1. As a footprinting exposure proxy, order A:94, A:79 by other Cβ within 10 Å, with the fewest listed first.
2. Fewest Cβ neighbours within 10 Å first, please rank A:88, A:59 accordingly.
3. Going by alpha carbons, how many degrees (0 to 90, nearest 10) lie between the helix axis of A:73-88 and the longest principal axis of chain A?
4. Find the relative contact order for the stretch B:51-132 and round it to a whole percent, using C-alpha pairs within less than 8 Å whose residues are 6+ positions apart.
5. Given the rule -39500 (n - 2.57) for each run of at least 4 DSSP H residues, summed and divided by the residues of chain A, what is its mean residue ellipticity at 222 nm, to the nearest 500 deg cm²/dmol?
6. Compute and list, largest first, the equivalent-ellipsoid semi-axes of the stretch B:98-166 from the alpha carbon gyration tensor, each √(5λ) rounded to a whole angstrom.
7. Using the beta-carbon distance between residue B:174 and residue A:8 and R0 = 30 Å, what value does 1/(1 + (r/R0)^6) give for FRET efficiency, to the nearest 0.05?
8. I want to check the label-to-label distance for residue B:150 and residue A:168. Put each point 7 Å from Cα in the C-beta direction and report it in nm to one decimal.
């Protein structure tokens, strides 16, 4: 009888433990993007100065698209890293910011004070954010020279990820052009 | 005494933290001033995102009026708000939910079907955006588990009852035998 109870108990609890163990290995906040490995949705947006940026026209060079806002604390945290990256790969990688549900005036104020790593694009109606499946800022998409999304960062982009993905995209570029 | 010596250190630490913070010198107003999505037809022409090549041709007819409102409500009830916990975009007032409802309205008014619109959101956000997961692959566990648990539970209850009845009968038999023995001797 006791053995039976033990077996039934194990039969019920073991699969649950396996399921929990599997679940605890993943951050529930991180949802894998189905867009990685697929062509980046093309967009055409105006920056704070009214200049139009067309993603399709940037093809041939890697692009880093970062969705951000001034009310988002991790966006502040990653700002110096993106500044450093934009300086380091100037002329090699395009850095584009897409404003995520924020007031363009606040963005202008922020970039005037803390520096600008790329144009901040106004996403009217948040349609570009929807096309990229953005859950919340910051999210960063790494787009290869062929226009395909190579990787995505959720939350403040880590220096290691920025470095490794940028190098990978540049190596792709070199291989394709060389 | 100890507190007095620790205080300057603490103040210095706080000052260093304040200086290290990116917004310490002159913090911008942190109150989110969220620009609401423009109403239908207010998008600046030529700007935005290309969705047509991903959605293909509209497979339905353009909707308007009450029919459009109903279709938007149906789609919105099935889509999870990305900024909320287990709320549909129909039930959420978040700016993301408003933007997604506006996008659904725009697509339905262009003649895209309900399935195309839901499929578009799923393509962008992944299956997580569907409030009701599709009954396929590992998701089948979610669909089968409740029925399975009820079945196994019911089976256990039946077995237990049978066992109890049997052991109860055995107990009575033993008792009767004992009474018989005692009365005959």
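Values quoted throughout were computed directly from the atomic coordinates according to the rules given, and no laboratory measurement underlies them. All figures in this text were calculated on a predicted structure; none of them were measured in a lab. Glycine also receives a Cβ, built like all others from the backbone with ideal geometry; neighbour counts cover every protein chain displayed.
1. Numbers: A:94 18, A:79 23.
Placing the least packed residue first, the sequence is A:94, A:79.
2. Working: A:88 12, A:59 15.
Starting with the residue having the fewest Cβ neighbours, the order is A:88, A:59.
3. Result, in degrees: 50.
4. Values: 106 pairs, mean separation 31.1, N = 82.
Over the stretch B:51-132, the number comes to 38 percent.
5. Working: 5 runs with 74 residues, N = 178.
It lands at -13500 deg cm²/dmol.
6. Details: eigenvalues 417, 22, 16 Å².
The three semi-axes for the stretch B:98-166 are 46, 10, 9 Å.
7. Numbers: r = 28 Å, r/R0 = 0.93.
It comes to 0.60.
8. 4.6 nm
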